[in-house]
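Asks: The structure that follows is given in the form of structure tokens.
The values are calculated or read from the model by the stated rules, or taken from the named source; none is laboratory data. Fair warning: this is a prediction, and the values are worked out from it, not measured in the lab. Cβ sites come from the backbone with ideal geometry, for glycine too, and all protein chains shown count toward neighbours.
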Amino acid sequence: MQPKSEFQGTVLVADDHQVFRMGLMQLLRRSLKVKRFLEAERFAQVVEHLKDGDVTLTILDLGMPDWSGPEEITRIRRLRPDVQVVVLSGSDSRKDILESLSAGAHGYVVKTQNIDQLVGRLRYVLSGEIYVPAILAELPADFPEGTASRHVTQVVPKTLSSRQRQVLKGLVEGKSNKEIARSINVAEGTVKIHLAALFKVLGAINRAHAAALGKQLIG
């Protein structure tokens, strides 16, 4: 379903592959009714384009030639805190996803998503939410069978931040993301980012599994 009104503002598409940029712009023009685009094939151009006050959304790839790491996302957020940033990457690495979200990205979308999923993820971010890929909730293939309890009780307590402990406590208590956010006075999107990190640290395969493992830590 197409949005009823035209997209307001400009979308900055940053990717070093011209054909991909053209295809993505065509898709957004049709699906989100975007009228104006800016293009960048290097990160330096992203910085220059962000001086355009009309930019609303920046979609960027991690593989640009002069990309130096997730700190560049933080640089964008500091330069233009009003602009939403979505990473659209071919990498489904947990490390890349968590580092991008921790650096301030509003969402991380893997390029293998189909068209409807991609558009849906972007709409989700544009509605003010943080999109966290479900892949972070999957149990790593190399996670040793039967070691979850030992991992949780011996390793996890040393790695959790105080905020992650608060989020985990809310999860164990059966609270929704919105309820957890309200109880610790943060945005719901922030809770989602902490949950994604908790899933990785705990080795949890889903929300219920994370709650069960968390109960071993906080009783």
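Asks: Which of the residues spanning region 17-43 are in contact with a helix residue (DSSP H, G or I) (Cβ under 6 Å, 6 or more places away or on another chain), not in a helix (DSSP H, G or I) and not aromatic (Phe, Trp, Tyr)?
Replies: Correct list: Val34, Leu38, Glu39, Ala40.
Asks: Let me spell it out: the conditions are (1) at pLDDT below 90; (2) within 22 Å of the chain's Cα centre (by Cα), and Asp54 meets all of them except one. Which number is the exception?
Replies: Evaluating Asp54 over (1) at pLDDT below 90; (2) within 22 Å of the chain's Cα centre (by Cα) leaves (2) as the failure.
Asks: Gln117 versus (1) modelled with pLDDT of 85 or more; (2) in contact with a helix residue (DSSP H, G or I) (Cβ under 9 Å, 6 or more places away or on another chain); (3) farther than 30 Å from Gly53 by Cβ: which is the lone unmet condition?
Replies: Gln117 satisfies all of (1) modelled with pLDDT of 85 or more; (2) in contact with a helix residue (DSSP H, G or I) (Cβ under 9 Å, 6 or more places away or on another chain); (3) farther than 30 Å from Gly53 by Cβ except (2).
Asks: Any chance you could count how many residues in region 63-82 are without any contact (Cβ under 8 Å) to a residue 40 or more places away in the chain and either within 15 Å of Thr112 (Cβ to Cβ) or outside any helix (DSSP H, G or I) (or both)?
Replies: Just the residues of region 63-82 that are without any contact (Cβ under 8 Å) to a residue 40 or more places away in the chain, to begin with: 66-82.
Next, from what is left, pick out any that are either within 15 Å of Thr112 (Cβ to Cβ) or outside any helix (DSSP H, G or I) (or both): 66-70, 80-82.
Qualifying residue count, region 63-82: 8.
Asks: Just need a number here: residues in region 102-120 that are part of a helix (DSSP H, G or I) and β-branched (Val, Ile, Thr). Lay out the reasoning, then the answer.
Replies: Start the filter on region 102-120 by keeping residues that are part of a helix (DSSP H, G or I), which leaves 102, 115-120.
Keeping just the survivors that are β-branched (Val, Ile, Thr) gives 115, 119.
Qualifying residue count for the region: 2.
Asks: Now, a different point. Give Val86, Val13, Val46 a once-over and let me know the one that is at negative phi and assigned to a helix (DSSP H, G or I).
Replies: Working: Val86 fails: assigned to a helix (DSSP H, G or I); Val13 fails: assigned to a helix (DSSP H, G or I).
Only one candidate qualifies: Val46.
Asks: Continuing with the same structure: If I go through region 84-106 residue by residue, how many of them are in contact (Cβ under 8 Å) with a residue 40 or more places away in the chain and either within 14 Å of Leu60 (Cα to Cα) or touching a Gly at 6+ places or on another chain (Cβ under 7 Å) (or both)?
Replies: The number of residues fulfilling the criteria is 6.
Asks: Next up: Inside region 130-210, counting only helices (runs of 4 or more DSSP H) that do not spill past its ends, which hold 1 or more residues that are modelled with pLDDT under 80?
Replies: Values: elements: 148-154, 156-159, 162-172, 177-184, 188-202.
Once the helices (runs of 4 or more DSSP H) in region 130-210 are filtered for at least 1 residues that are modelled with pLDDT under 80, what remains is 148-154, 156-159, 188-202.
Asks: Hey, another quick one. Quick check on Leu202: is it crowded, with 18+ Cβ neighbours inside 10 Å, without any contact (Cβ under 8 Å) to a residue 60 or more places away in the chain, under 20 Å from Ile135 (Cα atoms) and in contact with a His (Cβ under 9 Å, 6 or more places away or on another chain)? Explain how you work it out, then say what you get.
Replies: Working: crowded, with 18+ Cβ neighbours inside 10 Å: yes; without any contact (Cβ under 8 Å) to a residue 60 or more places away in the chain: yes; under 20 Å from Ile135 (Cα atoms): yes; in contact with a His (Cβ under 9 Å, 6 or more places away or on another chain): yes.
Spelling it out, Leu202 is indeed crowded, with 18+ Cβ neighbours inside 10 Å, without any contact (Cβ under 8 Å) to a residue 60 or more places away in the chain, under 20 Å from Ile135 (Cα atoms) and in contact with a His (Cβ under 9 Å, 6 or more places away or on another chain).
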